[in-house]
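The values are calculated or read from the model by the stated rules, or taken from the named source; none is laboratory data. If you're wondering where the values come from, they're calculated on a predicted model, not measured in any experiment. Cβ placement follows ideal geometry from the backbone for every residue including glycine, while neighbour counts extend to all protein chains displayed.
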Amino acid sequence: MIVRGTLGFSVRRLPVIQQSAREDDAAAARPPWHWSLIGAGLATTIWVPLAVLVLPLGAAPVLLAFGAAAGIAGALVGRFGGRAGPREAALGGILAAVLVTSIAAVAGAGLPPRVIFLVVLLLALVGAGSGFAGGRFGVRKRPC
């Protein structure tokens with residue numbers, strides 16, 4: 001389409017076609033349980049640098065950083081997860097808790113099994129709550 005500008009010369013304008021990208025269609029077609037695994041990976045990769053930054057401050061900031069990471073990952077799952085929602089985001093937070101604790105146990109953290117279980121439980125509670133809240137936020141931010 002060619003439009004005559006106000007100064008007398010022609011300006012070519014291209015029509016804009018609103019189409020969803022192939023990647024968006026693939027994400028929408030992905031089963032919801034895939035998004036739980038994606039959320040766990042996101043929460044873990046977001047949390048690790050945060051944990052390194054706040055570790056000198058003590059254990060409570062590390063726990064808060066895990067909650068923030070699970071919330072951010074949950075928001076991404078809720079926003080881009082197709083049929084996935086807060087439930088899958090919460091499950092992603094729980095899986096991230098199991099993943100990071102398992103890595104610490106295998107790496108030789110030197111903690112007794114009872115303490116490892118309590119750490120998994122605490123991280124899972126924080127991850128599930130934050131992931132669920134982030135998932136609800138992400139679902140509200142989806143395009144109509």
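The table that follows gives values for the structure above.
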quantity	calculated
Residue match in the range 102-110 (condition: on the phi < 0 side of the Ramachandran plot, in contact with a helix residue (DSSP H, G or I) (Cβ under 8 Å, 6 or more places away or on another chain), outside any loop (DSSP other than H, G, I, E, B) and hydroxyl-bearing (Ser, Thr, Tyr))	no
Test: Val98 is crowded, with 24+ Cβ neighbours inside 10 Å, within 17 Å of Ser36 (Cα to Cα), of a type in the set (Val, Ile, Thr) and touching a residue at least 24 places away in the same chain (Cβ under 8 Å)	no
The range 42-68 residues that are within 13 Å of Val126 (Cα to Cα) and free of Cβ contacts under 8 Å to residues at least 24 places away in the same chain, paired with ones that are surrounded by fewer than 18 Cβ atoms within 10 Å (Cβ to Cβ) and small (Gly, Ala, Ser) (beta carbon under 7 Å, 6 or more apart)	Val62/Ala51; Ala65/Ala51
Near pairs, Cβ below 8 angstrom, 6+ apart or cross-chain, from the range 122-144 (closer than 15 Å to Gly81 by Cβ) to any residue that is crowded, with 17+ Cβ neighbours inside 10 Å and aromatic (Phe, Trp, Tyr)	Gly138/Phe80
Any chance Leu118 is surrounded by fewer than 17 Cβ atoms within 10 Å (Cβ to Cβ), in a helix (DSSP H, G or I) and in contact (Cβ under 8 Å) with a residue 40 or more places away in the chain	no
Among the residues listed as Ala97, Ala70, the single one being modelled with pLDDT of 95 or more, under 30 Å from Ala26 (Cα atoms), among the aliphatic types (A, V, I, L, M) and touching a Leu at 6+ places or on another chain (Cβ under 6 Å)	Ala97
